[in-house]
Amino acid sequence: MFLILCLSWFAADMEANQPIQSISVLEFMDDGTLLIGDSIGGQVIAVDLGEQNDGSEVNRLSVPDLESKLAQMLGTQPADVLIHDMAVHPGSREVYLAVSRSRAKWNSRWELPNHLANSTTLLKMTPEGEFSEVNLKTLKQSSVSLKSPIDAAKEHRWMKGLSQRVEAITDITFSEGNIYVAGLSNEEFSSSIWKVGYPLKESAAATSIEIFHGAHGKYETHSPIRTFVPYTLNNKEHLLAAYLCTPFVTIEVDDLKPAAKIKGRTVAEFGSGNYPLDMVVIDSSDGPQIMISNSNLPIMFVNPKDIESFKGEITEQPKTYAAGVKTEYHSGTGILHLDNLSPKSVVMIQRLPSGKLDLVSIAFQ
């Protein structure tokens, strides 16, 4: 599901905001406004972090054994530190982390951080590697409630005992004055889209999305987008989205109409048994590339030109593990979180063979 929301920043008094019940997703606007997706609260919050230092000269970040440093902040053991999401401030280059003390609960490869716990703690790291907690209660913010997020009483279809409410918001991005949010709704097709006008207005009726899942060989309407980015293809604004097990889909923004049911175009199948975790656009020496990190596959790179030139659509179960638009696999496994440090570099949080978690950055020339 997507949700498209446009926020009129900070129009409401701070006292009028609903408490943040879960820091499910983090994303930054170009102007440095922090967006928080709160699945349990069914809302998106825009936070004004105030004046920030200029980090434009920062081109490298490195923090070995990240969990040990976070454990000191949280008063727990490294084995209990769970990172729910990461976002890099576009101006200061500070790294923001939604965290909890819940990693010891992890016992299935199909579980994601938000399946295990609800984070209510936000930490930030300076480019020099200094950590501090962000007190959201002292910062100016505004919020918008989502209409009809998935009900807390609805149990996950195959994770017994898990409320689907934790997937009301699974990712957030923005483009052209709009904010796009992916997750699940209460609609008949729970993959849905809401659009909220800018400046901040009441949310509109939902738009439902159906996609063909290549590995499953059928159309689906109940699986949420896991990670996505906006991108202009053939002079039209699209959302490029990856789902569990791993369909890659394009959706035209112009098709997102209230109360409509639309189909995304499945242009690739990257392989079953995999969660796509994060997706960013990087400016490499070969031009723009879509970079995708995964739970059980190496880092993937997709050239947007190949998406533009691909005329087909996957509507039948492929006979091969991967199919459709060409994908390049690069070395790099265990990468749990990914974000841009600059147009030509990214920050990664990576689980090493030793079991330790490192924060590193890499540049693309």
Checklist entry - How much length is gained on full extension from E202 to D254, taking 0.36 nm per residue of separation minus their Cα-Cα distance? => result 16.7 nm
Item to check | Relative contact order, percent, the chain [alpha-carbon distance under 8 Å, six or more residues apart] | outcome: 16
Item to check | Sparsely packed chymotrypsin sites (Phe, Trp or Tyr not before Pro) within the stretch 276-359, loop by DSSP, other Cβ within 10 Å at most 15 | outcome: Y321
Item to check | Hypothetical label at E308: residues of the stretch 205-231 whose amide nitrogen lies under 15 Å (7 Å Cα-Cβ projection) | outcome: 231
Checklist entry - Going by the alpha-carbon gyration tensor, a ≥ b ≥ c the square roots of its eigenvalues, is the stretch 306-365 rounded (a/c under 1.5) or, if a/c is not under 1.5, prolate (a/b greater than b/c) versus oblate? => result oblate
Next on the checklist: Under a Cβ-only charge scheme (Lys and Arg +1, Asp and Glu -1), can you give me the dipole magnitude of the stretch 2-363 about the Cα centre, in debye to the nearest 20?
Outcome noted: 1000
Item to check | Long-range amide H partners of I262 with built H, under 5 Å | outcome: S208, I209, E210
Item to check | For the stretch 67-114: rounded, prolate or oblate by the Cα gyration tensor [a/c cutoff 1.5] | outcome: oblate
Checklist entry - Are there chymotrypsin sites (Phe, Trp or Tyr not before Pro) in the stretch 131-183 that DSSP marks as loop and that have at most 10 other Cβ atoms within 10 Å, and which are they? => result W158
Next on the checklist: Taking amide H atoms as placed 1.01 Å from N in the peptide plane, list the residues 5 or more away in sequence, or in a different chain, whose amide H sits under 5 Å from that of H337.
Outcome noted: I349
Item to check | Sites S62 and E188 - FRET efficiency at Förster radius 41 Å, r taken between beta-carbons, to 0.05 | outcome: 0.30
Checklist entry - Residue by residue through the stretch 352-361, which ³J(HN,Hα) values in whole Hz follow from phi under the Karplus form 6.51 cos²θ - 1.76 cosθ + 1.60 (θ = phi - 60°), with glycine and proline marked x? => result 8, x, 5, x, 6, 10, 10, 9, 9, 10
Checklist entry - Going by the alpha-carbon gyration tensor, a ≥ b ≥ c the square roots of its eigenvalues, is the stretch 184-301 rounded (a/c under 1.5) or, if a/c is not under 1.5, prolate (a/b greater than b/c) versus oblate? => result oblate
Checklist entry - Taking H as built 1.01 Å from N, whose amide H comes closer than 5 Å to the amide H of L244, not counting residues under 5 places away? => result R226
Next on the checklist: Nearest 500 deg cm²/dmol is fine: what mean residue ellipticity at 222 nm does the chain get from its DSSP H runs of n ≥ 4 alone, each adding -39,500 (n - 2.57), divided by its residue count?
Outcome noted: -1000 deg cm²/dmol
Item to check | Backbone HN-Hα couplings from phi across the stretch 153-167 [Karplus 6.51/-1.76/1.60, Hz, Gly and Pro as x] | outcome: 7, 7, 7, 3, 5, 9, 9, 4, x, 9, 6, 5, 4, 5, 10
Next on the checklist: Which entries of K137/K344; K147/K311; K69/K160; K195/K305; K160/K195; K154/K261 have Cα-Cα distances beyond 25 Å here?
Outcome noted: K137/K344; K147/K311; K69/K160; K195/K305; K160/K195
Checklist entry - In whole Hz, what ³J(HN,Hα) sequence does the stretch 180-186 give by Karplus (6.51, -1.76, 1.60; θ = phi - 60°), x for Gly and Pro? => result 10, 10, 9, x, 10, 10, 8
Checklist entry - If you keep only loop residues by DSSP, which trypsin sites (Lys or Arg not before Pro) in the stretch 231-323 have at most 11 other Cβ atoms within 10 Å of their Cβ? => result K311, K319
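Bear in mind these aren't lab numbers, they're just calculated from the coordinates by the rules spelled out. Nothing here was measured: the structure is a model prediction, and the numbers come from that model. Here Cβ is always computed from backbone atoms with ideal geometry, including for glycine, and neighbour counts include all displayed protein chains.
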